[in-house]
Amino acid sequence: MFDHVVVALSNNASKRHVFSVSERLEMMEEAVRALPNVDVDTFTGLLVDYLKKKRARVLIRGLRAVSDMDYEFQLAAFNRRLFKDVETVFLMPDDQYTYLSASMVREVARLGAGTEQFVPSFVARRLKLKFGRPKI
């Protein structure tokens, strides 16, 4: 669909991430290593400012369920108000991922269950190391 894709990881201090920006960057680079037309980068601040800096005009967002649609449409409209040349493309995941969210995976890992069926094996190992055994 695209000749080149950049996966841009937000460095948003207001969000509670399990992993640091550098850890997330490392894992994402591992996840896309076999894809020669995909790069990984980080940004701080507004996504539209990052897009302008990179001279990018298309933003790819995922829609897992109908519940995502309202928020994503609002975000797309807001981004277009901030950067009139941006176009948002919505893609749907494979059926097996429609219910999946980072918060669900994080909670499963925090409670000591395996996450191998939800994330790549190297991420599952890191989650296990990060959370260890649940405290009862």
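Points worth noting:
- For the listed residue pairs Lys15/Lys53; Lys15/Lys54; Lys54/Lys128; Lys84/Lys130; Lys52/Lys130, the alpha carbons are over 32 angstrom apart in Lys54/Lys128; Lys84/Lys130; Lys52/Lys130.
- Largest accessible area first, the residues Lys128, Lys84 order themselves as Lys84, Lys128 under a 1.4 Å probe with ligands, DNA and RNA left out.
- Whether the stretch 1-77 is rounded, prolate or oblate, judged on the alpha carbon gyration tensor where a/c under 1.5 counts as rounded: rounded
- Carbon and sulfur %, accessible surface of the chain computed with the full protein complex present, 1.4 Å: 55
- Loop-resident sites, the stretch 77-136, for GluC sites (Glu not before Pro), counting at most 16 other Cβ within 10 Å (DSSP): Glu116
- Accessible surface for the chain, divided over its residues, is 74 Å² per residue with a 1.4 Å probe.
- Taken about its Cα centre, the chain carries a charge dipole of roughly 580 debye when the Cβ of each Lys and Arg holds +1 and the Cβ of each Asp and Glu holds -1.
- Amide H contacts of Thr88 (H built 1.01 Å from N, under 5 Å, at least 5 apart or other chain): Leu59
- Accessible-area order (highest first, 1.4 angstrom probe) of the listed residues Asp95, Asp39, Asp68: Asp95, Asp39, Asp68
- Of the chymotrypsin sites (Phe, Trp or Tyr not before Pro) found in the stretch 1-66, those that fall in a DSSP loop while having at most 16 other beta-carbon atoms within 10 Å are Phe2, Phe19.
- 3J(HN,Hα) from dihedral phi, the stretch 120-132, Karplus parametrisation 6.51/-1.76/1.60, rounded to Hz, x for glycine, proline: x, 4, 5, 6, 4, 4, 5, 5, 5, 5, 5, 9, x
- Dipole magnitude of the stretch 1-52 about its Cα centre (Cβ charges: Lys, Arg +1; Asp, Glu -1), debye to nearest 20: 260
- Karplus (6.51, -1.76, 1.60) ³J(HN,Hα), θ = phi - 60°, over the stretch 46-55, in Hz, Gly and Pro reported as x: 6, 4, 5, 5, 5, 4, 4, 4, 8, 6
- Cα-based Rg / Dmax (Å) for the chain: 16.3, 52
- Trypsin sites (Lys or Arg not before Pro) lying in DSSP loop within the stretch 28-68, provided at most 12 other Cβ fall within 10 Å: Arg33, Arg55, Arg57
- Between amide H atoms placed 1.01 Å from N, distances below 5 Å from Thr42 occur with Leu9, all of them 5 or more places distant or on a separate chain.
- Selected from Val123, Val21, Leu9, residue furthest toward positive end of dipole (the chain; charges at beta carbon): Val21
- Across the stretch 28-36, rounded Karplus estimates of 3J(HN,Hα) from the backbone phi angles (6.51 cos²θ - 1.76 cosθ + 1.60, θ = phi - 60°) give 5, 4, 5, 5, 10, 3, 7, 9, x Hz, Gly and Pro being marked x.
The values are calculated or read from the model by the stated rules, or taken from the named source; none is laboratory data. In this text, all values refer to a predicted model and were calculated from it rather than measured experimentally. Every residue, glycine as well, gets a Cβ built from its backbone with ideal geometry; the counts of neighbours run over all protein chains shown. Protein only, heavy atoms only, side chains kept; ligands, DNA and RNA dropped before computing areas. Shrake-Rupley method; radii C 1.70, N 1.55, O 1.52, S 1.80 Å.
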